[in-house]
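Participant: Sharing a structure here in structure tokens format.
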Amino acid sequence: MAATGLNKQTTADGVVAQLRDAMTVGVGGWGPRRKPMALVRAILRSNLKDLTVVAYGGPEIGMLCAAGKVSKLVYGFVSLDAMPIEPWFKKIRETTGVEVVELDEGLLQWGLRAAGMRLPFLPTRVGLGTDVTRFNPQFKTITSPYADGEVLLAMPALKLDAALLHVDVADRLGNTQIHGPDPYFDDLFARAAAKCFVSCEVLTDRLDLSHAATAKANTFERSLVSNVVHAPYGAHPTSCAPHYGWDMDHFKRYAAGAGEEGGWQKYADEFLAGDEIGYLGKVGGAERVGKLPLPVF
Amino acid sequence: MTATLADLCIVAASEAWRGDGEVLASGIGIVPRLAVGLAKLTYAPELMMTDSEAYLVEEPIPLGPRGNYQPQYAGWMPFSRVFDVVWNGRRHAMVTPSQIDRWGQGNISCIGDFRKPKAQMLGVRGFPGNSINHANSMFVPMHSTRAFTEKEVDVVGSVGYNAARWPQGVNRDFVDLRLIVTDLCVMDFGGPDHQVRVRSLHPGVTFEQVQAATGFPLAQMAALPVTPAPTAEQLAIIQRLDPHNLRASVIKEKKGSDDFSRAAGAAGGR
């Protein structure tokens, strides 16, 4: 196998076994795009609870909230894009409530960046003058020590216990490539986390032997990656461009549950009772998911 | 070709970027995006715009299903780079806040108490960063006291000219609120002390009607013109950029009335 002797392959359950209650978990991707849903489903099937979830949120936030796994959310937004407001997030916010830190999108990456650089904070103007600072009194300002004397927001580091990411290809060493048009902030999630777990559409022994021509699609180094999980169609129902688009029919089915008594339990019984192979079968199999059209903007 | 109210708004909104130079012009939503495309294809070819995903394009991409049209990419603009552009300031966005107050502060986060929202909306998204770093304009498809609030917006997502909101020593130099285009009129912040000011009225609309549909007092230009009607060239470009007529869904037109007229008072509330 690999010259380094590393083999970081594990299963989704193998990842969940390394997570603990009350951990802070960052989730890569962006809204309904390239979310590590196979890993999220493994959490949904587990006994984990009281998680703090940090994300540019999509259905993972709605599902984890609906399943009672979340004690706190830190987000730049929570959206399914074609459905602008994530239905379960909306329901939870408007009814039972959950502790939230609502951030500007740029501020979220700034906090991750600070954590990745092992700094207590990074300065910025963003958030000043808005309710982001009023609703987050834990955010302090700092005065520039230079002649300008400008007052800036000291965005605190967003340190993660774990990051969950989904990529196109990975190897057993932990090398990864993202082939979609936007790598989002997966690199920052990886660097901000004590442990980073990556699921992938395709797993090979060595990317240098299988995917050398696309090495520029590697956005974070393998030393950040604790484990890799082979999870074909593991982003479903979110998209994994250029391979498949998001599943609007599935989103509608999922969203409908937010308006029904026991709606989440019905969804969980239907889609989460079995394993990932069972899940893929229930949503139409590789045949259908692989052909879900990419969204046009 | 007959111009609709949406066409009139697109043409009016396209004026927002005049004189901006090589900025990233971001039109969020159907009318603002068509407005950017129209500006780029008429008076402002230097504007930069994206495919609304991750690439820069020099030709505006038509909305909706594209048939055989293949976008040609000039550069790459993933979200990480968008934030670099935003914080650097060479961008002018046009957005649609759900609420706007007299200070130009905007809300897309939620309605009601943030701790327990009456209606959860999008969250603040990029509003804080956009508004404190670069030029911003707004498009409001239904001018009403619900959109233009009497009191401060429920959640201040984008900053404005409310002195009470600004701590001592914070740099406000980059706050730059430009046009507000609505289904009734075009406004800016050119009144005394950045007061919202009506620049032009859409055909058939009176200042009194606009004022009645706004939760705070408005200034007005001395000689208040009628918003210019789209030219045949502009209409042809809009049609080409929106072949599926998605813009028809944006503004509710009154059935059986003239193109631009609205029932007086219909915009007062919703």
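Participant: With within 14 Å of the chain's Cα centre (by Cα) and not basic (Lys, Arg) as the only criterion, which of A:Ala193, A:Ala215 stands out? Working first, answer last.
Facilitator: Numbers: A:Ala215 fails: within 14 Å of the chain's Cα centre (by Cα).
When all the criteria are applied, what remains is A:Ala193.
Participant: Something else: Go through (1) buried (at least 17 other Cβ atoms within 10 Å of the Cβ); (2) within 14 Å of chain A (Cβ to nearest Cβ); (3) not in a strand (DSSP E or B) one by one and return the number of the condition B:Ala164 breaks.
Facilitator: Going through (1) buried (at least 17 other Cβ atoms within 10 Å of the Cβ); (2) within 14 Å of chain A (Cβ to nearest Cβ); (3) not in a strand (DSSP E or B) one by one, B:Ala164 breaks only (1).
Participant: I need the strands (runs of 3 or more DSSP E) fully contained in segment B:9-102, keeping only those with at least 2 residues that are surrounded by fewer than 22 Cβ atoms within 10 Å (Cβ to Cβ).
Facilitator: Working: elements: B:24-27, B:55-57, B:73-76, B:91-95.
So the answer is B:55-57, B:73-76.
Participant: Still on this structure, I have one more. Pick out the one residue from A:Asp50, A:Asp81 that is closer than 18 Å to A:Leu108 by Cβ, out of contact with any Lys or Arg (no Cβ under 7 Å at 6 or more places or on another chain) and acidic (Asp, Glu). Break it down stepwise before answering.
Facilitator: Details: A:Asp50 fails: closer than 18 Å to A:Leu108 by Cβ.
Exactly one of A:Asp50, A:Asp81 is closer than 18 Å to A:Leu108 by Cβ, out of contact with any Lys or Arg (no Cβ under 7 Å at 6 or more places or on another chain) and acidic (Asp, Glu), namely A:Asp81.
Participant: Counting residues that are more than 13 Å from chain B (Cβ to nearest Cβ), which helices (runs of 4 or more DSSP H) fully inside segment A:64-177 reach at least 1?
Facilitator: Numbers: elements: A:87-94, A:105-116, A:131-134.
Those helices (runs of 4 or more DSSP H) span A:105-116.
Participant: So B:Ala222 ticks every box in (1) more than 27 Å from B:Ser158 (Cβ to Cβ); (2) in a helix (DSSP H, G or I) but one. Which box is left unticked?
Facilitator: (2)
Participant: Now, a different point. Being under 26 Å from A:Ile61 (Cβ atoms) and of a type in the set (Ser, Thr, Tyr) narrows it down to one residue among B:Ser80, B:Ser137; which is it?
Facilitator: Numbers: B:Ser137 fails: under 26 Å from A:Ile61 (Cβ atoms).
Sole residue among the options that is under 26 Å from A:Ile61 (Cβ atoms) and of a type in the set (Ser, Thr, Tyr): B:Ser80.
Participant: Here's a check for you: in segment B:167-182, which residue that is part of a loop (DSSP other than H, G, I, E, B) and surrounded by fewer than 20 Cβ atoms within 10 Å (Cβ to Cβ) is modelled with the lowest pLDDT? Spell out the reasoning first.
Facilitator: Looking only at segment B:167-182, we keep the residues that are part of a loop (DSSP other than H, G, I, E, B), and these are B:167-175.
Checking the rest, the ones that are also surrounded by fewer than 20 Cβ atoms within 10 Å (Cβ to Cβ) come to B:167-174.
Numbers: B:Pro167: 90, B:Gln168: 94, B:Gly169: 97, B:Val170: 97, B:Asn171: 97, B:Arg172: 96, B:Asp173: 96, B:Phe174: 97.
For segment B:167-182, the residue satisfying everything is B:Pro167.
Participant: Continuing with the same structure: For segment A:246-271, which positions are part of a loop (DSSP other than H, G, I, E, B) and more than 22 Å from A:Ser79 (Cα to Cα)?
Facilitator: Step one: filter segment A:246-271 for residues part of a loop (DSSP other than H, G, I, E, B), giving A:246-247, A:258-262.
Listed by number, the residues that qualify are A:Glu261, A:Gly262.
Participant: Being within 27 Å of A:Arg33 (Cβ to Cβ) and under 26 Å from the mean Cα position of the chain (by Cα) is true for just one of A:Leu173, A:Leu153. Which residue is that? Walk me through how you get there before you give the answer.
Facilitator: Numbers: A:Leu153 fails: within 27 Å of A:Arg33 (Cβ to Cβ).
One residue alone meets the criteria, A:Leu173.
Participant: Let me ask something additional. Of all residues in segment B:66-89, count the ones that are more than 18 Å from B:Leu47 (Cβ to Cβ), more than 9 Å from every other protein chain (Cβ to nearest Cβ) and among the small types (Gly, Ala, Ser).
Facilitator: 1
The values are calculated or read from the model by the stated rules, or taken from the named source; none is laboratory data. Since the structure is predicted, the reported quantities are computational estimates derived from the model, not experimental observations. Heads up, the Cβs are rebuilt from the backbone with ideal geometry, glycines too, and the neighbour counts pull from every protein chain shown.
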